[in-house]
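Take a look at the structure below.
The values are calculated or read from the model by the stated rules, or taken from the named source; none is laboratory data. These numbers were taken from a predicted model, which means no experiment stands behind them. Reconstructed Cβ throughout: ideal geometry from the backbone, glycine too, with neighbour counts over all protein chains shown. Quick note on the areas: whole protein, heavy atoms, side chains included, nothing else; ligands and nucleic acids left out. Shrake-Rupley method; radii C 1.70, N 1.55, O 1.52, S 1.80 Å.
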Amino acid sequence: MMTMIKEAIDVIKKNDRGGFTVPTNRLYPHQWNWDSGFTALGISSLDKSRAWQELVMLINAQWTNGMVPHIIFHEKNPNYFPGPDQWQKNAESQTSCHSQPPVLASIIWQMVSRGTEYDKMKACTLFNSIMAYHRWFFLARDPDKEGCISIIHPWESGRDNCPDWDIGLNNIKIPKNLEQYFRKDTSYVDKLERPTDDHYDRFMTILKYGRDCNWDNVKMHNEGPFLAIDPGVNFILLRANKDLYKLANYLGYTESINEIRNWIKILEQGCQKMWNKDINAFTSFDKRTNTYCDAITNASFLCFYAGVGSNKQKSYMIDHCNRILNNCNYGMPSLDPMHKCFESKRYWRGPIWSIMNYMIAVGLEDINELCLANKIKNDTIQLVKKNGMAEYFDPVTGIGLGGRDFSWTAAIHLELLKDEIDINSKHNFLNNKNVIN
Ligand code: GLC
C-alpha cells in the first residue's frame, strides 16, 4: 500500500511548476480549474501551505465578472493546442474563456472542516472570490432564471466528448472558413483513446464563435452554437453551495447566508429538469433542440453527491448503479456499458475517472449506501495499484489509458488513503518541493 502513496507523491511533485500543478507533463502543461481543486485536496494531507497555494494561484486568475477560467496559461507552451491566441483575439488574460465544474467550495470546506485555524484563515481570504464565482454561474449561465445552469461548450462540463453532447454537437454547422488547425493531443496519446477529429472540429467551431463575439455571455447563451444542461455542473454546483453554506456559518460570513440559501433552493428545484422520464434517470438536456440525452453517465450518479431526488428517483438511480456495476469489471464507467455509444477506451465514452469515482462515493456514503461506495472506492484504489496513475482506466480490462503520471489520479489516491499517510510521506513531499511564497 505504501508504495503507491510514494508514487502518488512523486507524480504530484513531478508535475509541480512552482505553486501550481499541471495535470500531466506533455498533454496538459498548464493549470486546469477542477484538476487544481482535486490536487489541492490530495496535497492537503501532506502540506497545507502548498495546498492553499494551488487554490490561490487558480483564483488569482479569476475574471472581474467572477468567472474562474478552466485553463490558466502561466507560461507559453507551443506543445499545447488550443493556446491563448485561439481563445482571444487580443488576449487580455492568459486564460481560456469559460469555466469548469465548480468543485472549489467543496474542496475548501473539506480542507477547513478537518483543518486548523490556519486553514480557516486561508479560507477567509478566498471566501468572497468563491461567492463571486458562484454568482457568475447564476448570472451568466442561467440568465432567464430557469433554475439550472447551462454550459456553452462541452469543455465547460469537464467531460469533453461524452455522449451527452452528441445531439448538440451534431447540430453544429462547421463553417467553411474554420481555420486549419493541428491537434497536439494525438501525438502523445493513442487516437482511439481521445475525442474524434469530427468532435474536435465542432469544439473548434464553438471556440471560434466565442472568440469572434468576445465571449459575450448573453450572445453565447441566446445564440451560440451549443447550449446544454449538464448533470455534472449542476450537481457539483449544488453540492458546492451546500458546502459554501457550511463554510459561511463556520467562518461567520452571516451576510452571505441568505444568498447561498437562495442558490440552494433554486438548484434543488431546477435539478428536477434533468429527470428523464423515458429512462427513469437523471440525464443531460440539449437546450437548442429541447431534447433529453438517453445516456446514463457517471455524472448522472452525482445526484447523491448533490443530495437531489425523491425516494423513488433515488431508488431508480441505485438500481441503475447496481446494474451498471454488474456489467463491467471495474466501476464506475463514464457511460452505461449497455448504451450504444459505449467505448471502453475512448475518453469520456466509457473509461473510469478517479475524480468522478471519488465524488460518487462521497454521495453514496451520504445516503448510507456503504456497500456501493466501498466497491467504487476499492476499485479506484486497485486500478491505480495495478496500472499506475493513468488519466483514466478501461472498465473492462482495468488498463490505464490517456496521459500518464496524472496529478488528479494521484491526488485522489492520496485522499482515499489519507489515514495511511505517515510522517515519512510528509517528509518525502516536503523535500525538494518547488514552492514560491
Ligand atoms: C480534459 C478533461 C478535463 C480536464 C483536463 C485536464 O480536457 O476532459 O476534465 O480538466 O483534461 O486534465
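For region 114-136, the criterion of being among the polar types (S, T, N, Q), within 22 Å of Ile257 (Cβ to Cβ) and under 18 Å from the mean Cα position of the chain (by Cα) is met by no residue. The residue of region 57-92 that is nearest to Asp197 (Cα to Cα), among those that are under 18 Å from the mean Cα position of the chain (by Cα) and β-branched (Val, Ile, Thr), is Ile71. Thr380 fulfils the conditions (1) open to solvent by 20 Å² or more (accessible area, probe 1.4 Å); (2) in contact with a Ser or Thr (Cβ under 8 Å, 6 or more places away or on another chain) except for a single criterion, (1).
Of the numbered criteria (1) in contact with a helix residue (DSSP H, G or I) (Cβ under 8 Å, 6 or more places away or on another chain); (2) part of a helix (DSSP H, G or I); (3) hydrophobic (A, V, I, L, M, F, W, C); (4) over 22 Å from Asn234 (Cα atoms), the one Leu192 fails is (1).
For region 361-380, the count of residues that are closer than 15 Å to Asn326 by Cα, outside any loop (DSSP other than H, G, I, E, B) and within 16 Å of the ligand (Cβ to nearest atom) is zero.
Of the residues Gln31, Gln86, the single one that is in contact with a helix residue (DSSP H, G or I) (Cβ under 7 Å, 6 or more places away or on another chain), of a type in the set (S, T, N, Q) and open to solvent by 20 Å² or more (accessible area, probe 1.4 Å) is Gln86. How many residues are more than 16 Å from the ligand (Cβ to nearest atom) and hydroxyl-bearing (Ser, Thr, Tyr) when one looks only at region 142-180? Going through region 142-180 one residue at a time, the tally reaches 1.
On the given criteria, is Trp263 surrounded by fewer than 24 Cβ atoms within 10 Å (Cβ to Cβ), free of Cβ contacts under 8 Å to residues at least 60 places away in the same chain and hydrophobic (A, V, I, L, M, F, W, C)? For Trp263, the condition - surrounded by fewer than 24 Cβ atoms within 10 Å (Cβ to Cβ), free of Cβ contacts under 8 Å to residues at least 60 places away in the same chain and hydrophobic (A, V, I, L, M, F, W, C) - is not met. Restricting Arg183, Arg159, Arg194 to residues that are in contact (Cβ under 8 Å) with a residue 40 or more places away in the chain and open to solvent by 30 Å² or more (accessible area, probe 1.4 Å) narrows the list to Arg183. Residues that are free of Cβ contacts under 8 Å to residues at least 60 places away in the same chain and open to solvent by 10 Å² or more (accessible area, probe 1.4 Å) occur at least once in region 353-366.
Do the conditions hold for Ile279, that is, is it β-branched (Val, Ile, Thr) and in a loop (DSSP other than H, G, I, E, B)? Spelling it out, Ile279 is indeed β-branched (Val, Ile, Thr) and in a loop (DSSP other than H, G, I, E, B). I'm checking my understanding of the structure. Among residues of region 164-180 that are within 29 Å of Ala281 (Cβ to Cβ) and outside any helix (DSSP H, G or I), which one is most open to solvent (accessible area, probe 1.4 Å)? Looking at the filtered set, the residue picked out is Asn171. In this structure, is Ile236 within 16 Å of the ligand (Cβ to nearest atom) and in contact (Cβ under 8 Å) with a residue 24 or more places away in the chain? Here the answer is yes, as Ile236 does meet what is asked.
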